[in-house]
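K.L.:
Encoded as structure tokens, here's the structure I'll be asking about.
The values are calculated or read from the model by the stated rules, or taken from the named source; none is laboratory data. It should be emphasised that the depicted structure is a prediction, and the values quoted were computed from it without experimental measurement. Glycine gets a Cβ as well: all are built from the backbone with ideal geometry, and neighbour counts include every protein chain shown.
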């Protein structure tokens, strides 16, 4: 919101331009499935212009959900190489609904271009806030990495609008967190007193940031100089419009082409008005009946009208629009098939085609891994487990990768002495090297391959 950027600029920070947040709002409207400038349109019916609304298939949200389920689903595994640290870490993550909320945040990241984890203390408990793009205000950045950042939220009670602002800044190489509360009147902010349980300033005493920025791993061609990310469909707006245009026409084809029964007026039910006029009466639910004036010799003739449906042409056009959208959002060709409804291709089909989808997924996982590693280090620092940790993030690629076949290949490599048993355990059991070697030694002769299964 413009009021926040004005306040931060007065504090001496160079903020992302307000125009960029208008782009985020556009992506958000597509994510919600209704963009007034496109879905509402005027049509001349021969007498006057009438406002109509196009139907929406909601593919922007479908694409975002699809990417989130591929990149950061509930099966992600995280370890630190320290059993106590890992146990405390998952205690915090589980208490904050991480497995569900992280996937939801990833969906918003792909949709709006940017998202963030923010860690804070609430009494003796560590809380994780999941922040979407429109509430993130980078303050300083270098080589695209945000080092200082502000996070805002707004609550409305009656006519009173309250704005909460959380600023993470560096001072002497350590992070200081400022908390501010404002009342907003238009674009004017008036600072008010903080709640009694909220400190105005928190000195973390640590160089570990308590926020992590998530972005899709694609170049932001909307603004090359901003550290904010770009929506996966930022460059596919035309394709989203095409999908909804064809879908709306497809629905209209059936609405306009349904069977009608043409009935002479003399055979329709009638009623007499107060002024003596006689008019036909039809039940609004009986939309298949249509009354027509009588012609000579046609007083008792009832006709059936069946319009031809161009469903095959529409389905072909619909599939073409979906294919174009799939390519533009990085899913590769033919991710979505209209046959038998909107269907997603199976992992086997994707692997067999060696599509671009898996390469794009691995690319997105690079930035996700950095953000998750930062989250782990922040929580471990807050729980007293700072220092050297071997953070291991294991994504679940089984949705798109034939992990069963690959695992069997690795087992055979162990048998052929091409892969060490401890390497196998590290790869498939999410163990660090020390643990994996220890398990292999512990199993010994009971399981020669060291699988422990």
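K.L.:
Would you check if residue 7 is in a loop (DSSP other than H, G, I, E, B), surrounded by 13 or more Cβ atoms within 10 Å (Cβ to Cβ) and in contact with a strand residue (DSSP E or B) (Cβ under 9 Å, 6 or more places away or on another chain)?
P.N.:
Numbers: in a loop (DSSP other than H, G, I, E, B): no; surrounded by 13 or more Cβ atoms within 10 Å (Cβ to Cβ): yes; in contact with a strand residue (DSSP E or B) (Cβ under 9 Å, 6 or more places away or on another chain): yes.
Taking the combined requirement at face value, the residue does not satisfy it.
K.L.:
Quick one: which of 222, 198 is touching a strand residue (DSSP E or B) at 6+ places or on another chain (Cβ under 8 Å), in a loop (DSSP other than H, G, I, E, B) and surrounded by 12 or more Cβ atoms within 10 Å (Cβ to Cβ)?
P.N.:
On the way: 222 fails: touching a strand residue (DSSP E or B) at 6+ places or on another chain (Cβ under 8 Å).
After applying the criteria, what remains is 198.
K.L.:
Say we look at the range 337-392 and pick out the residues that are part of a loop (DSSP other than H, G, I, E, B), surrounded by 19 or more Cβ atoms within 10 Å (Cβ to Cβ) and in contact with a strand residue (DSSP E or B) (Cβ under 9 Å, 6 or more places away or on another chain); which of these is modelled with the lowest pLDDT?
P.N.:
Only one residue fits best here, namely 345.
K.L.:
Also, quick follow-up: Among the candidates 164, 175, 130, 137, which residue alone is more than 20 Å from the chain's Cα centre (by Cα) and closer than 25 Å to residue 27 by Cα?
P.N.:
Values: 175 fails: closer than 25 Å to residue 27 by Cα; 130 fails: more than 20 Å from the chain's Cα centre (by Cα); 137 fails: more than 20 Å from the chain's Cα centre (by Cα).
That would be 164, the only listed residue that is more than 20 Å from the chain's Cα centre (by Cα) and closer than 25 Å to residue 27 by Cα.
K.L.:
Would a scan of the range 149-169 turn up a residue that is within 17 Å of residue 372 (Cβ to Cβ), assigned by TED's automatic domain parsing to the domain that holds residue 180, in a strand (DSSP E or B) and modelled with pLDDT of 95 or more?
P.N.:
Of the range 149-169, the ones within 17 Å of residue 372 (Cβ to Cβ) are none.
Among the residues of the range 149-169, not one is within 17 Å of residue 372 (Cβ to Cβ), assigned by TED's automatic domain parsing to the domain that holds residue 180, in a strand (DSSP E or B) and modelled with pLDDT of 95 or more, which makes the answer no.
K.L.:
Can you give me the number of residues within the range 205-219 that are more than 14 Å from residue 166 (Cα to Cα) and either outside any strand (DSSP E or B) or out of contact with any strand residue (DSSP E or B) (no Cβ under 9 Å at 6 or more places or on another chain) (or both)?
P.N.:
9
K.L.:
Show me the helices (runs of 4 or more DSSP H) entirely contained within the range 31-143 in which 2 or more residues are modelled with pLDDT of 95 or more, in contact with a helix residue (DSSP H, G or I) (Cβ under 9 Å, 6 or more places away or on another chain) and surrounded by 14 or more Cβ atoms within 10 Å (Cβ to Cβ).
P.N.:
Working: elements: 36-39, 59-71, 83-95, 98-112.
Filter on the range 31-143 gives 59-71, 83-95, 98-112.
K.L.:
Just the residues that are more than 18 Å from residue 138 (Cβ to Cβ) and either surrounded by 13 or more Cβ atoms within 10 Å (Cβ to Cβ) or touching a strand residue (DSSP E or B) at 6+ places or on another chain (Cβ under 9 Å) (or both), please, taken from the range 165-187. Outline the logic, then answer.
P.N.:
Taking the range 165-187 and keeping what is more than 18 Å from residue 138 (Cβ to Cβ), we get 172-174, 179, 181-187.
174, 179, 181, 182, 183, 184, 185 - these are the residues of the range 165-187 that are more than 18 Å from residue 138 (Cβ to Cβ) and either surrounded by 13 or more Cβ atoms within 10 Å (Cβ to Cβ) or touching a strand residue (DSSP E or B) at 6+ places or on another chain (Cβ under 9 Å) (or both).
K.L.:
Looking at 233, 250, which is the one that is modelled with pLDDT of 65 or more and in a helix (DSSP H, G or I)? Full working, then the answer.
P.N.:
Numbers: 233 fails: in a helix (DSSP H, G or I).
Criteria check complete, one pass: 250.
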